[in-house]
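Have a look at the structure below before the remarks.
The values are calculated or read from the model by the stated rules, or taken from the named source; none is laboratory data. Here the structure is a predicted model, which is why all the values come from computation and not from measurement. No Cβ is skipped: glycine too gets one built from the backbone with ideal geometry, and neighbour counts run over all protein chains shown. Remember, those area values only see protein heavy atoms, side chains included, never the ligands or the DNA or RNA. Shrake-Rupley method; radii C 1.70, N 1.55, O 1.52, S 1.80 Å.
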Amino acid sequence: RSLMLNKKILNLLNKIKNKKVSALMSQMIFKEKKTKYAKQSWLPHQDNSYPKNKNGHYITINIFMNKSTKKNGTLYILNKSHKYGIFKYGRKISYREKDLRPGNIVLTNKFKKTDLNFNKGDMLILHGNLIHGSHPNNSNYSRPLYSISYMVKGEKFISGLNAQRKELN
């Protein structure tokens, strides 16, 4: 919780949005080597397709706890897709899914796909409308990351049954 409410992170996000933000929720995504979930690959999706903030003020940050490459399940983005709001998507279970392919899938090929590589300790800030996904972990090392979601204070959003998002600060 202290990392979610870290003043440096909050100040950076306040500056980016030019408004005060609140932490909403966090989760660890492990992609632990040689486990069922190592093979999990998130479909191309928009994080804001879950809380559905109509003003596009949902933000996710990911802090990488280990090196992240395509081989161990790094993230990819569809460049500039955040500029077009929430796309139509196919609703998909994103927790306890059976096919290891979670994410409210957005089907589009109008954007360039870019794989992102990270070092341990790197932080990625994602606009909630940016289409992104991840590769499966086909390596002998894990790809844990700590993911935290934020929203501009006072903005409306859907809490979610599993996520149970709520303003914390």
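Helix 7-17 versus the longest principal axis of the chain: what angle, 0 to 90°, nearest 10, using Cα atoms? Its long axis makes an angle of about 80 degrees.
Legend: distances between Cα atoms for Lys7/Lys52; Lys71/Lys98; Lys8/Lys36; pairs beyond 24 Å are Lys7/Lys52; Lys8/Lys36. Legend: P(r) of the chain from all alpha carbon pair distances, 5 Å bins from 0, whole percents, reading 2, 9, 18, 22, 22, 17, 9, 2, 0.
Taking all protein chains together, Phe64, Phe30, Phe157 sort by accessible area into Phe30, Phe157, Phe64, largest first [probe 1.4 Å].
Rounded to whole Å and ordered largest first, report the semi-axes of the equivalent ellipsoid of the range 16-57 derived from its Cα gyration tensor (root of 5λ).
Values: eigenvalues 168, 38, 13 Å².
Its equivalent ellipsoid spans semi-axes of 29, 14, 8 Å.
Rolled with a 1.4 Å probe across the full set of protein chains, the surface gives Thr69 an accessible area near 30 Å².
With Cβ to Cβ distances under 12 Å as the rule, what net charge do the other residues near Ser159 carry (K, R +1; D, E -1)? Don't skip to the end; give the middle numbers.
Values: positive: Lys52, Lys156, Arg165, Lys166; negative: Glu167.
Surrounding charge for Ser159 is +3.
Within the assembled protein chains, the solvent-accessible surface assigned to Glu155 is about 40 Å², based on a 1.4 Å probe.
Using the rule -39500 (n - 2.57) for each DSSP H run of four or more residues, divided by the residues of the chain, the 222 nm mean residue ellipticity is -2000 deg cm²/dmol.
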